[in-house]
Amino acid sequence: MQLFASAPHDNAASPLAAIYALVAEEFNEVNSLIPQRLTSDVAMVEEIGHYIVASGGKRLRPMLVLLGSQVLGFQGNDHIKLAAIIEFLHTATLLHDDVVDKSTLRRGRATANDKWGNAPSVLVGDFLYSRAFQLMVELASLDVMGVLASATNTIAEGEVMQLANIGNCAMSEDDYRDVIRCKTALLFEAASHTGALLAAEQSSGPAVDAKAVGALQNYGMHFGMAYQLIDDWLDYAGDPELMGKNVGDDLAEGKLTLPLIQALKVAPAGDQAFIRDAINARSCDSIARISDIVTRCGALDYTRASAVTEGKQAIAQLDDLPANSYCDALRALTDHSLSRLN
């Protein structure tokens with residue numbers, strides 16, 4: 001079963017295809033490892049696990065593991081196992097998120113909870129978490145395990161923070177940034193950070209210093225923040241068919257993202273009142289007018305600029321890394337992500 005592609009959803013001439021080609025052999029190994037570790041005596045566990053893992057996406061988090069470890073000269077196979085761990089953790093969060101959000105569509109396909117129900121989806125998410133931690137033990141790195149254990153705990157806190165702010169029209173931008181840092185950016189950060197830690201542990205000399213490890217950690221955090229802010233922008237400026245999800249879902253769930261938070265700060269009073277009413281109504285019926293409001297008041301441009309700033313901060317971290325093809329790939333990966341804003 002093919003869980004990854006060399007360059008999913010991109011033609012062979014695209015920048016992203018070239019990045020995947022750089023680590024094509026490693027991705028094939030991750031391809032093989034994931035289904036091996038999804039085995040279970042319980043048929044539904046395998047069925048749901050394979051469904052959600054194979055549902056698409058660009059696999060950017062495992063990519064950061066592979067690039068982050070090899071930019072610092074890692075040699076061996078443990079980065080393959082680490083990439084699978086990161087993908088299992090990400091997949092588990094998707095299963096749980098979709099249940100909490102009552103989502104029915106992800107990446108253009110029915111969500112697992114829509115196909116099998118909430119209880120199986122939650123329990124298979126738990127299975128993936130536990131399988132990820134089994135793999136962590138096999139890595140036998142306390143530093144890596146410490147980062148990932150802390151990350152999974154904070155990601156869960158981020159989910160609760162988001163839930164606690166449902167319908168909160170007084171939510172500040174700082175509070176929102178805390179939520180997306182915990183909920184989204186942290187796993188990107190953990191991916192690049194732990195990849196760097198593998199290389200540092202392998203090095204017996206000064207080849208990998210703490211500054212380089214810190215640079216990769218910070219790169220992942222800023223990349224993840226940019227990634228979420230780009231998604232926030234695309235919710236109102238993107239093509240719904242290309243996004244593969246239901247437009248207006250966040251609005252219908254009472255979730256505030258940066259375009260709404262900024263609009264509630266700078267839009268005319270009447271428009272602010274309209275947004276509050278739509279959030280309180282938990283309805284996406286007014287998505288067209290709200291899209292117009294966030295565009296007219298500059299909230300959409302503000303969100304775009306915020307995403308670009310985070311992307312530039314990610315790229316700035318690369319100055320502290322060795323100049324090689326993997327560093328170039330990290331830069332190209334950030335540029336490609338920011339190109340979604342065009």
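Among the residues making up region 176-204, those that are free of Cβ contacts under 8 Å to residues at least 60 places away in the same chain, farther than 13 Å from Leu82 by Cα and either crowded, with 18+ Cβ neighbours inside 10 Å or within 19 Å of the chain's Cα centre (by Cα) (or both) are Arg177, Asp178, Val179, Ile180, Arg181, Cys182, Lys183, Thr184, Ala185, Leu186, Glu189.
Which ones in region 201-228 are of a type in the set (Val, Ile, Thr) and modelled with pLDDT of 95 or more? Val213 - this is the single residue of region 201-228 that is of a type in the set (Val, Ile, Thr) and modelled with pLDDT of 95 or more. Any chance region 147-169 includes a residue that's among the charged types (D, E, K, R), at pLDDT below 95, in a helix (DSSP H, G or I) and buried (at least 16 other Cβ atoms within 10 Å of the Cβ)? Looking through region 147-169, at least one residue is among the charged types (D, E, K, R), at pLDDT below 95, in a helix (DSSP H, G or I) and buried (at least 16 other Cβ atoms within 10 Å of the Cβ). When you scan region 276-284, do you find a residue that is surrounded by fewer than 17 Cβ atoms within 10 Å (Cβ to Cβ), touching a Gly at 6+ places or on another chain (Cβ under 9 Å) and either modelled with pLDDT of 95 or more or charged (D, E, K, R) (or both), even just one? Checked region 276-284: at least one residue is surrounded by fewer than 17 Cβ atoms within 10 Å (Cβ to Cβ), touching a Gly at 6+ places or on another chain (Cβ under 9 Å) and either modelled with pLDDT of 95 or more or charged (D, E, K, R) (or both).
Taking the condition of being without any contact (Cβ under 8 Å) to a residue 60 or more places away in the chain and either farther than 15 Å from Ala190 by Cα or in contact with a Leu (Cβ under 9 Å, 6 or more places away or on another chain) (or both), how many residues in region 151-175 meet it? The qualifying residues number 9. Here region 101-113 is the region considered, the condition is being charged (D, E, K, R) and farther than 19 Å from Arg282 by Cβ, and the residue that is surrounded by the most Cβ atoms within 10 Å (Cβ to Cβ) is Arg106. Residue-level check: of (1) surrounded by 21 or more Cβ atoms within 10 Å (Cβ to Cβ); (2) under 18 Å from Gly224 (Cβ atoms), Ile52 misses just (2).
Filtered by the rule that a residue be aromatic (Phe, Trp, Tyr) and closer than 19 Å to Leu187 by Cα, region 40-94 gives a lone residue, Phe88.
Residues that are modelled with pLDDT of 95 or more, over 12 Å from Cys169 (Cα atoms) and hydroxyl-bearing (Ser, Thr, Tyr) do not occur anywhere in region 229-247.
For region 246-274, which positions are of a type in the set (A, V, I, L, M, F, W, C), within 17 Å of Thr303 (Cα to Cα) and either out of contact with any Cys (no Cβ under 9 Å at 6 or more places or on another chain) or buried (at least 17 other Cβ atoms within 10 Å of the Cβ) (or both)? Those that are of a type in the set (A, V, I, L, M, F, W, C), within 17 Å of Thr303 (Cα to Cα) and either out of contact with any Cys (no Cβ under 9 Å at 6 or more places or on another chain) or buried (at least 17 other Cβ atoms within 10 Å of the Cβ) (or both): Leu251, Leu256, Leu258, Leu260, Ile261, Ala263, Leu264, Ala267.
Here the condition is being buried (at least 18 other Cβ atoms within 10 Å of the Cβ), among the polar types (S, T, N, Q) and under 20 Å from Val45 (Cα atoms); of Ser121, Ser130, it holds for Ser121 alone.
The values are calculated or read from the model by the stated rules, or taken from the named source; none is laboratory data. Because the structure is predicted, anything quoted here is derived from the model rather than measured. Positions of Cβ are generated from backbone atoms using ideal geometry, with glycine treated the same way; all protein chains shown enter the neighbour counts.
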